[in-house]
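Structure first, then comments.
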Amino acid sequence: QEALPDYWQYQPSWLLDTGISYEIPFKNFVLQSSLKQLSVLGYKQTTKNMLHLFDLIGVNPSIIHDGIQFDKKDILENLTLFLYPDDSDEAGQRLRIFQEYFMVSNAAQLILDKAKQQGSNLYDLDSYAYIQINDTHPSLIIPELIRLLTEKYNLNFKTAISVVSRM
């Protein structure tokens with residue numbers, strides 16, 4: 001397989017730059033995301049939906065070598081370079097779990113921000129958002145929402161668990 005840089009992501013682009021950015025904490029570093037959106041028509045082409053695309057600020061496509069070979073250990077530069085990178089070795093497995101957490105944390109922060117914008121007091125999140133978990137890695141959203149509610153919004157642990165359980 002051979003992959004080439006996605007020049008359509010750069011100006012001029014059909015992706016809408018939202019200006020929204022989140023900090024994603026890892027044990028020894030913090031990464032900064034950038035949210036772009038793509039308008040998607042819905043039912044009978046009357047409903048406008050937005051597909052949210054989170055990317056790493058500072059992704060470096062020049063680290064791609066032959067085909068899709070790249071340094072899987074350089075997470076700070078390549079986290080979002082390829083979706084579902086080869087995880088047949090330890091470096092790929094580590095990159096994959098970092099990537100999954102990056103995406104889940106961004107989604108969780110966006111859900112909380114949108115709910116608050118619509119009037120949520122965070123105790124009533126289930127009135128603003130439901131979460132369907134349809135795979136293994138999206139289940140990371142459960143502890144991530146609890147972490148955000150306790151660390152960022154100072155809800156106590158039992159309350160955060162109750163809120164997330166209802167979602």
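Total residues in segment 108-163 satisfying the condition of being under 23 Å from Ile20 (Cα atoms), aliphatic (A, V, I, L, M) and in a helix (DSSP H, G or I): the figure is 13. For segment 3-10, the criterion of being at pLDDT 85 or above and open to solvent by 70 Å² or more (accessible area, probe 1.4 Å) is satisfied by no residue at all. Taking the criterion of being touching a helix residue (DSSP H, G or I) at 6+ places or on another chain (Cβ under 6 Å) and either open to solvent by 30 Å² or more (accessible area, probe 1.4 Å) or in a strand (DSSP E or B) (or both), the only residue of segment 15-25 that qualifies is Ile24.
Of Gln93, Gln45, Gln69, Gln132, all but one fail to be at pLDDT below 95, on the phi > 0 side of the Ramachandran plot and open to solvent by 40 Å² or more (accessible area, probe 1.4 Å); the exception is Gln45.
Just one of the numbered conditions (1) under 17 Å from Pro25 (Cβ atoms); (2) touching a helix residue (DSSP H, G or I) at 6+ places or on another chain (Cβ under 8 Å); (3) open to solvent by less than 50 Å² (accessible area, probe 1.4 Å) is not true of Leu125: (1). Only residues that are open to solvent by less than 50 Å² (accessible area, probe 1.4 Å) and either within 18 Å of Ala108 (Cβ to Cβ) or among the β-branched types (Val, Ile, Thr) (or both) were counted across segment 26-42, and they come to 6.
Conditions (1) basic (Lys, Arg); (2) open to solvent by 60 Å² or more (accessible area, probe 1.4 Å); (3) farther than 17 Å from Ile24 by Cβ, marked per residue:
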| residue | (1), (2), (3) |
| --- | --- |
| Leu56 | no, no, no |
| Lys73 | yes, yes, yes |
| Tyr84 | no, yes, yes |
| Glu100 | no, no, no |
| Asn106 | no, no, no |
| Leu112 | no, no, no |
| Ile146 | no, no, no |
| Lys158 | yes, yes, yes |
| Ile161 | no, yes, yes |
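May I ask you to list the residues in segment 131-163 that are touching a helix residue (DSSP H, G or I) at 6+ places or on another chain (Cβ under 8 Å), over 16 Å from Leu110 (Cβ atoms) and of a type outside the set (Val, Ile, Thr)? Within segment 131-163, His137, Leu155, Asn156, Phe157, Ala160 meet the criteria.
The values are calculated or read from the model by the stated rules, or taken from the named source; none is laboratory data. If you're wondering where the values come from, they're calculated on a predicted model, not measured in any experiment. With ideal geometry, Cβ positions are generated from the backbone for all residues, glycine too; neighbour counts draw on all protein chains shown. When the accessible area is computed, the model is the full protein with side chains, heavy atoms only, and any ligands, DNA or RNA have been set aside. Shrake-Rupley method; radii C 1.70, N 1.55, O 1.52, S 1.80 Å.
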